[in-house]
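Taking it in order: structure first as structure tokens, then the write-up.
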Amino acid sequence: MTSGQRLQALEYVLPEKKDLFLTGSVMPILKAKVLGLDLTNELDRAAVRINLDVLAKESASGRLNWTITDTWVWSRNNWYLNLESPPSVFPKGDSPGGLDPKEVQRLIDKNFEILRNRVDLGTLNGGQSLRIEVPIKYTGDLPVSVELAFPNPVVDISAGEITSQSNYLVLLVGTENWEGPFEFPLRLKIHQGAATVERTLLVKGSVFLPLAFRQSPPNGPIEEGREFSVFIRNNSPQQVGIRYISVDAKLNIVKQPQTLPPDQEVEVALKLRPGESPDRMYVQLDAPLQGRDMYTYRVRNARP
């Protein structure tokens, strides 16, 4: 769309919605940036948040800015944009009712309140995902959108409009990329069109990894026929057996432990097979450890 190839963009639209896409009024998009991807409870559906700069004569600056949320669905072995209505792609007007952006900003600032500014998540397990509701109060007449001012490795905001009927924000928490304590002052952008107000939400907690991995040598590279090791540390007080270790037949397992003693580290010795490039090592336990019986390690510095 940014490069003016509107017909080519039809390839990405759900086939039964192509006519709807073509009925939308054409506005010259100057810039488009993907802000985030929100997964849903449905495996074949996701929401994509996009920030748009468009050329607009009615604006004093000659351009307007929106953040929109597109729904994408998995169909016919591919992902497609599922349009609800043409305005969902081609919004009109800088601010509803022709209000000045500064007045809209003042109204948002006055009417939007986070009722719990500190969220303590406690201790989470590595690889855990959860949905947290943060109570808010919004008494404005205009719907607003909320997003993070900066990306965060643990927390994101679920997409969706906030109206006077909304009672909470939804935080999406994922601990896959973190270990140990965290305390994030999240800067939130609450906006409607060009009007933006910021709030800060403090989120704290800690991520406990029942199994921790380290690779030796740590900086590789991994080469054919050269042995290297992945150490697995059991950080829990529970001894657990290893049912199997899988490397997708890309490595030879030279040494494999049978159990993981509590608060101890064991070694898995590996060699790269000719012509292969290893990706992950999977550890299947005999019994769940902190609720999980499968753990994954991504092999570093692999060279085919």
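Look at the dipole of the chain built from charges on Cβ: of P143, T67, A287, the Cα furthest out on the positive end belongs to T67. Considering only G127, G241, G140, the mean-square fluctuation computed in a Gaussian network model of the chain, springs between alpha carbons under 10 angstrom, is largest for G241. The candidates I253, I162, arranged from most to least accessible area with a 1.4 Å probe in the full protein assembly, appear as I253, I162. Here's the picture: a label point sits 7 Å out from the Cα of R214 along the beta-carbon direction, and within region 271-304 the residues with their amide nitrogen under 16 Å of it are 300. Backbone phi angles across region 224-232, fed through the Karplus curve with coefficients 6.51, -1.76 and 1.60 (θ = phi - 60°), yield HN-Hα couplings of 4, x, 9, 6, 9, 10, 10, 9, 10 Hz in residue order; Gly and Pro are listed as x.
F184 contributes about 30 Å² of solvent-accessible surface, heavy atoms of the protein only, 1.4 Å probe. Surface listing: Y295, Y168, Y12 arranged by accessible area from highest to lowest gives Y12, Y168, Y295, probe 1.4 Å. Potential lengthening of the chain between Q238 and N41 amounts to 67.6 nm, from the contour at 0.36 nm per residue minus the alpha-carbon distance.
Stretching the chain fully between A9 and E265 yields a gain of 86.9 nm (0.36 nm per residue, less the alpha carbon separation). In terms of accessible area, using a 1.4 Å probe and ignoring ligands and nucleic acids, K33, K17 rank largest first as K33, K17.
Here the relative contact order of the chain, from alpha carbon pairs under 8 Å that lie six or more residues apart, stands at 12 percent.
This structure gives semi-axes √(5λ) of the Cα gyration tensor in Å, computed directly, and of (i) 46, 26, 16; (ii) 36, 21, 18; (iii) 30, 24, 18 that value is listed as (i). With contacts taken as Cα pairs under 8 Å at a separation of at least 6 residues, region 225-298 carries a relative contact order of 37 percent.
The values are calculated or read from the model by the stated rules, or taken from the named source; none is laboratory data. Just so it is clear, the structure is predicted and the values come from calculations on it, not from any experiment. Heads up, the Cβs are rebuilt from the backbone with ideal geometry, glycines too, and the neighbour counts pull from every protein chain shown. Ligands, DNA and RNA are stripped out before the accessible areas are found, and what is left, the full protein with its side chains, is counted by its heavy atoms. Shrake-Rupley method; radii C 1.70, N 1.55, O 1.52, S 1.80 Å.
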